[in-house]
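Written below as structure tokens is the structure these notes are about.
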Amino acid sequence: MLPNSQSSSLHTLSFNQDHTCFSTSTSTGFRVFTCDPLRHLFRRIFPSDGFNHVEMLFRSNILALVGNGSHPHFPPNKVIIWDDHRGESFGTLTFRTSVRGVRLRRDMIVVVLEFKVYVYNFKDFKVISQVETFSNPKGLCVVSQLADSMVMVCPGLQKGQVRVDHYAKKKINYVWAHDSSLACFGLTIDGKFLATASTRGTLIRVFDTENGALLQEVRRGANAAEIYSLAFSSTAQWLAVSSDKGTVHVFSLKVNNSNTELEKSQSSSNSADASIASFSSSLPFIKIKGVLPKYFNSEWSFAQFHLNEDCRCTVAFGDQNNTLTILGMDGSFYRCQFDPVHGGKMTQLESHNFLKPEIAS
């Protein structure tokens, strides 16, 4: 979920779980669009000043809504489970503090508060688990989407620490991801690989969620930046990153290589400065001192697409090979393609404004 920090007719903007649709909240309600082709699906108008969160359940008529408090039926401490086909809610989850985020699966509802995460069964709305976290005002949390397993990632109990819950295996890992506070997560649909960024926004780290091993570290840039989104391709071969610097980066990942190759990559990039503590096991932690500063050994992006720096944007990989869909809080919609062999500057395939009447009506 991408919140707005500037004056705009959009309050929030987010993809659904498989990136085939996206939802927006405005001062009068919410709207839902398809990505390929870009098409307005439906909208709902409410007598309120909008929503803090709108989360779709795949390509269905089910959404989770959290109001901004301007209307008594949609306070910021309630999650409304909405059936747009019927035009009414069929479930409400109420909390003592404001909701910071909502994530949906077909079998579970995950609600993020600033210091706690609740996991509910979708069938009966009963609590499955409660997780205490470090301060999490951004509502950081990601969940896998395969039916036979669930992996949930949220902040741990300390700054820069990540908690990974494997519900089917009843296993919990704690990963020391960054020295700075956490800013953004990305998770593969099967929950196998996790990407993290801190508030510094210069380095992106990719971990194996099974054992917490640091697989790869890539560099977005030399200067600090606010990371808006992290997205894996369906094969986990590529990782896309958007930030306030106005460039969407695509990185080539080596997560499918052998352990030997991964160890060589870690050593050469001098990036083994993350450790893991697990309830079930304890792994050795070794710091590798490089001769040159980290900056010179960094892995840089493979492909790039340049945008307006003033626009907050979120990114996802498209259904077509080597394509990206980029959504902006100013209503901008881009579809671009990168060369999987040579990389470099991406090619723009489409450019629209989904707020224009011919699209949004």
Under the rule of at least 5 residues apart or a separate chain, name every residue whose amide H is placed under 5 Å from the amide H of ARG105.
VAL110
Computed over the Cα atoms of the range 99-183, what is the convex hull's projected area averaged over all directions, in nm²?
5.1
At a probe size of 1.4 Å, how large is the accessible area of GLU299, to the nearest 10 Å²?
40
Need one number: nm distance between label points at LYS356 and TRP300, each 7 Å from Cα along Cα→Cβ, rounded to one decimal.
3.5
In the neighborhood of GLU132, defined by Cβ-to-Cβ distances under 10 Å, what is the net charge if each Lys or Arg adds +1 and each Asp or Glu adds -1?
+2
Give the long-range amide H neighbours of PHE134: residues separated by 5 or more places, or on another chain, with amide H under 5 Å away, using H modelled in the peptide plane at 1.01 Å from N.
GLY156, LEU157, GLN158
Name the long-range amide H neighbours of THR247: under 5 Å, sequence gap of 5 or more, or other chain; modelled H, no Pro or chain starts.
LEU307
Using alpha carbons only, how many angstrom separate the centre of the range 311-361 from the centre of the range 15-66?
18
At a Cα cut-off below 13 Å, give the aspartates and glutamates reachable from LYS254, other chains included and same-chain residues fewer than 8 away excluded.
ASP208, GLU217, GLU263, GLU299
Which of the trypsin sites (Lys or Arg not before Pro) across the range 76-166 are loop residues per DSSP, with 10 or fewer other Cβ within 10 Å?
ARG86, ARG96, LYS123, LYS126
Formal net charge of residues neighbouring SER180 (Cβ-Cβ distance under 11 Å; K, R +1; D, E -1):
+1
What are the principal axis extents of the Cα atoms in the range 70-117, in Å, biggest first?
34, 29, 12
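The values are calculated or read from the model by the stated rules, or taken from the named source; none is laboratory data. None of the values given here were measured: they were computed from a predicted structure. Don't worry about glycine lacking a Cβ; one is built from the backbone with ideal geometry, like all the others, and counts go over all protein chains shown. Surface accessibility is based on the protein's heavy atoms, side chains included, excluding ligands, DNA and RNA. Shrake-Rupley method; radii C 1.70, N 1.55, O 1.52, S 1.80 Å.
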